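Data block below; observations after.
Here, each number is a calculation from the coordinates, and none is a lab measurement. Note that the coordinates shown come from a computational prediction; the quantities given were computed from them, not determined experimentally. Please note: Cβ atoms are built from the backbone with ideal geometry, for glycine as well, and neighbour counts cover all protein chains shown.
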């Protein structure tokens with residue numbers, strides 16, 4: 001289940017975002033580090049490009065559920081000589097889909 005934020009917390013984050021508090025804090029930290037080590041070129045370059053660095057991912061990735069489902073699906077193998085049929089996940093909850101093949105023959109062993 002997804003975490004929910006209160007209205008007050010959403011308002012606080014909106015103020016944080018509009019006041020650019022993150023940029024102020026980062027600039028303060030970088031200038032402090034630049035005083036400690038003035039020869040560090042990476043700090044000087046970071047001071048020039050202060051901005052929001054967290055972005056939403058552009059490529060999709062496998063969730064834990066999807067990985068587990070793929071492993072489970074691969075672990076099931078049909079018996080020797082048995083032909084499997086494709087069943088949509090939407091219709092999988094219907095008993096007629098699971099108990100009969102396309103021609104009406106029983107699939108389950110009794």
Potential lengthening between residue 106 and residue 3 on full extension [0.36 nm per residue; Cα-Cα distance subtracted]: 32.6 nm
C-alpha long axis of helix 21-36 to longest principal axis of the chain, angle in °: 60
Using a Förster distance of 30 Å, the FRET efficiency for residue 60-residue 83 (Cβ separation, nearest 0.05): 0.35
Diffusion coefficient, µm² s⁻¹, Stokes-Einstein with Kirkwood Rh over alpha-carbon pairs of region 17-98 at 37 °C and 0.692 mPa s: 174
Cα-based Rg of region 7-48 normalised by 2.2 N^0.38 Å, two decimals: 1.55
Two-site FRET efficiency, residue 35 against residue 67, from Cβ-Cβ distance with R₀ of 41 Å, rounded to 0.05: 0.30
Residue order, fewest to most beta carbons within 10 Å, for 56, 49: 56, 49
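Please give the calculated 222 nm ellipticity per residue for the chain, where each DSSP H segment of at least 4 residues contributes -39500 (n - 2.57) and the sum is spread over every residue; nearest 500 deg cm²/dmol? Mind showing how you got there, number by number?
Values: 5 runs with 53 residues, N = 110.
Theoretical 222 nm ellipticity from helices: -14500 deg cm²/dmol.
Calculate, in nm to one decimal, what residue 44 and residue 18 gain on full extension: separation in residues at 0.36 nm each, minus their alpha carbon distance.
Length gained, residue 44 through residue 18: 6.8 nm.
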For the chain: relative contact order, % (alpha-carbon pairs under 8 angstrom, 6 or more apart): 12
